[in-house]
Amino acid sequence: MRNLSNLNRDAIVRTRIGLWAVALYCLMPISGLLWAQNTALTDAELKKVLDFQQQRVSAIDQVINSVVAIYDQDRGGGGSGVVITPTGITLTNHHVVSGAGVEGWGGMAGDKIYRWKLIGTDPGGDVSLIQMIPNDDADDDFEFPFTLLGDSDEVQVGHWALAMGNPFILTEDQSPTVTLGIVSGVKRYQAGAGRNQLVYGNCIQVDSSINPGNSGGPLFNMSGEVIGINGRGSFQDRGRVNVGLGYAISSNQIKNFIPELLATKLVEHGTLDANFSDRDGKVVCSTLSVDAPASAAGLELGDEMLEFEGTTIKTSNQFTNLICTLPEGWPARLKIRKPDQAEVEIQVRLLGLPYARPAKPKVLKPGKRSVPKDSDSPPTEEEKIVRRKIEMAKVLSAAPGTVRDPKLNSTYVREIMGQWQQPYAASVRDGCWRLNDSVADRNGGTSKLRTWLCADGRFVVKSAEMIWIFDGENFYQRNLTVADSLPRILPTVEAKARFEVLQAIVMTAGFHDPPFSTMGDLLIDGADLCDHQIAHRFVANNSDLEPLYFWLTGTMYSPNPLRLRKCSANIDCREGGVLLKNWQPVDGEKFSIPLVRHDVRGLGEQVSRTITNDSIESIAIQEFEKRIEAQTVKTMGTDAE
C-alpha cells in the first residue's frame, strides 16, 4: 500500500481538494443544490478524493483487528493496547496496567475475549508489555492479528495519523473507536509525575482525538504501521474530553525498551549522572557526579556537548529529550569539546534513574469484610482492589534492571531463538563444511585459518601454530610448534577467550538445541547497541562457568531478519569478542555463515583482527570424523592438509 504520509506531489490540487472537502462538509446542509452547481470537482480531483478515502479505509481494515481493549480481572476499568506479534505480545501504557493489575482480560474486534498477564513494565516512559493468552479451545496453529512497529523518525508534521482504542469504554463488541487527524508536532516533551515516572520525551503530538480509555492504544500511519502508543491528552482544567492535543510515545523509543521488557524487568531510564545547561549558544556540562561513569571516561565540568547518539545537540532541552528515550545500561555515545577546543568521543553505559518505592497498599482489617472471614463468598470489590495493588506493588518493588521472572523470560528466549534457528533446523544433520579463511591484524600482518564445521555442533579450527577441537562435550587444544605435543583439554573459560575458538562456537550455535546450550541456561539479558543497531542481548549462564553473552539484531516476524551479530565472554567485550558481518547462505543449505568475523574490543567495538572467508567447501562426514579422531589421539602427527 502506498504511504499517504509521503504524498507530496500535486500540492496545489491537493490543497484545493482539501479546502473543497472542508467547505463541502460544513456548508452542504445549508445550500446543497447551489453548492453542487457552482463548486463541482473535476473528474481527476474527485478520483483523488475517492482514492484517498479508499486508502484510508484499507489502512484501517489492515490494522483494526490487532487493537485490544484492556480490562482488569473483573472486566472493569478500561484502557487499550496493540498486539505486535502473532504469539500475542502486546504493547500498552504502564499507567493502564498499574490500575488494572498484573493480569486481566483483553477484548478484540468480533467480541473476542482473552486473558492477559504482565511481562515487564517501564514506569519512566509509561510503557508496558503484556502477553495475550489464547483460549483453551484455540487450535495449535492459532495466531493473534498483529501489527509491526514502524519508524517514527520518518513521521513529519502534517502526516495523517490514525488513533485507535477504547475511549469511554464505548465498545460493545470489543471493536475499537477510530479517529483520524494529523501530526501536529514531533520531538515534544511532556514532564512526568512522581519521581522520574511517566515522562514523555521525543514524543509525537497529534490532533487525532485521544480520550480517557485510548491510553495504551496504537497510533498508526497510513501504511498500517504503529508509529506510537497513545498515552496522554490535554484534559486538565478542560474536563475529561480531548481538546485536540494528544501525545504518543514514539515507536523508536519503544524499540529501545522491548528487549528489557521481554526480560521481565522493572525498567529504568538512563542518565549520564550529569546535567547540561545553555550558555552563550553552547550546551555545557554544568553538574557532574564525581563517581559517574561519564566522569571516569573523560567528561568534565565546562565541557561542551556537540553530539549525543549521533545527533548534533543545539540546546540542553534537546539533549534531555533524546536521553529520555534510552534505557539504563544503554551504551550511549557523545562527542564533547574541551575548553582547549580538542574534540573527544566518549561511550559509556547509562546509569538508571531510580523510582520512588511504591506505597504499601492498605490491608483491610478482618472486621471490614461484609461477610464472615471463613465464608466461601467471593471477595468484596474493595478486597479485589487491594489485592491488585499488592500484586502491582510487588512488581514495582523488584530490583530495577534484574530479571523478575526467569521462567517467563525463558519463554521469550525460545520464541526468539526458535525464529532465528529455523534455517539451521532445516539443514541436514550430517552436513559438514570446511572454511578456508584469511586473517589480517591491524598492524598489517596476515595468516591463514581453516575451520571445519559439522551440523551436529562439533568443530575443528587450525592455524599455523595451533589446533582447537570441540567434540560435542569437551574443548581441546594442541600446540603444533612443539614436536610430538599432545592435545590437552581446554577449560571452557579459556576456550571462550580465544578468538579462533569463539568464532567457531558462534557459527555452530544454531545447530545446538537450544543455541549455546553447551554454555549454560539462556536468558534475555536486555537491550543493547551492536554494530550501531538495536539488539537483544542474551546471556548463557552456568553456575560453574563465567557467562557468555551474545547479541541478536532484527525484529521477530518482520522482513528485518534476526541476525546473530556478536558474542563475548564480557558484556563490554573488555577481553575481546566476535563481531559477525556479511552473512551469506551456504550453497544448497537454508542457513547462513558470516563471511567476515572481527575480533573487537570495548563498547566501541574497535577491530583488532579480521577473518575473511576465501571459500567454503562441503565435505563428507567421514572426512570430518577422521579429522576429529586424528586430532584427539595420542599417536597423531603434525597433520598435513
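The values are calculated or read from the model by the stated rules, or taken from the named source; none is laboratory data. Since the structure is predicted, the reported quantities are computational estimates derived from the model, not experimental observations. All Cβ positions, even for glycine, are placed from backbone atoms using ideal geometry, and neighbour counts span all protein chains on display. Remember, those area values only see protein heavy atoms, side chains included, never the ligands or the DNA or RNA. Shrake-Rupley method; radii C 1.70, N 1.55, O 1.52, S 1.80 Å.
Per this entry, Arg458 is not counted among residues that are within 16 Å of Ile628 (Cβ to Cβ), modelled with pLDDT of 95 or more, open to solvent by 10 Å² or more (accessible area, probe 1.4 Å) and not acidic (Asp, Glu). Quick check: anything in the range 142-153 open to solvent by less than 70 Å² (accessible area, probe 1.4 Å) and farther than 30 Å from Pro561 by Cβ? No.
Restricting to the range 561-592, count the residues that are assigned to a strand (DSSP E or B) and surrounded by 21 or more Cβ atoms within 10 Å (Cβ to Cβ). Give the steps one after another, and end with the answer.
Going residue by residue through the range 561-592, those that are assigned to a strand (DSSP E or B) are 563-568, 577-585, 592.
Among the residues that remain, those that are also surrounded by 21 or more Cβ atoms within 10 Å (Cβ to Cβ) are: 564-568, 577-580.
Residues flagged as assigned to a strand (DSSP E or B) and surrounded by 21 or more Cβ atoms within 10 Å (Cβ to Cβ) within the range 561-592 amount to 9.
Applying the condition of being modelled with pLDDT of 95 or more and of a type outside the set (A, V, I, L, M) to the range 203-214 and asking which residue is nearest to Thr171 (Cα to Cα) yields Gln205.
When we screen Ala535, Ala509 for residues that are open to solvent by less than 20 Å² (accessible area, probe 1.4 Å) and within 14 Å of the chain's Cα centre (by Cα), the only hit is Ala535. Selection of the range 327-345 for residues being open to solvent by 10 Å² or more (accessible area, probe 1.4 Å) and either touching a helix residue (DSSP H, G or I) at 6+ places or on another chain (Cβ under 7 Å) or assigned to a strand (DSSP E or B) (or both) yields Arg333, Lys335, Arg337, Glu343, Val344, Glu345.
Given the criteria within 20 Å of Ile616 (Cβ to Cβ), over 25 Å from the mean Cα position of the chain (by Cα) and either of a type in the set (A, V, I, L, M, F, W, C) or assigned to a loop (DSSP other than H, G, I, E, B) (or both), does Val501 qualify? In short, yes.
Scanning the range 80-94 for residues that are among the small types (Gly, Ala, Ser) and either within 18 Å of Met556 (Cβ to Cβ) or open to solvent by 10 Å² or more (accessible area, probe 1.4 Å) (or both) yields a total of 2.
The single condition from (1) without any contact (Cβ under 8 Å) to a residue 12 or more places away in the chain; (2) open to solvent by 70 Å² or more (accessible area, probe 1.4 Å) that Arg442 fails is (1).
Taking the criterion of being within 30 Å of Trp116 (Cβ to Cβ), surrounded by 17 or more Cβ atoms within 10 Å (Cβ to Cβ) and modelled with pLDDT of 80 or more, would at least one residue in the range 49-56 satisfy it? No.
Within the range 472-490, which residues are under 17 Å from Phe624 (Cα atoms) and surrounded by fewer than 16 Cβ atoms within 10 Å (Cβ to Cβ)? Of everything in the range 472-490, those that are under 17 Å from Phe624 (Cα atoms) and surrounded by fewer than 16 Cβ atoms within 10 Å (Cβ to Cβ) turn out to be Gly472, Glu473, Asn474.
Residues that are in contact with a His (Cβ under 8 Å, 6 or more places away or on another chain) and crowded, with 20+ Cβ neighbours inside 10 Å within the range 173-196 comprise just one, Val183. Just one of the listed residues (Thr121, Thr179) is free of Cβ contacts under 8 Å to residues at least 60 places away in the same chain, assigned to a strand (DSSP E or B) and touching a Leu at 6+ places or on another chain (Cβ under 9 Å), and it is Thr179.
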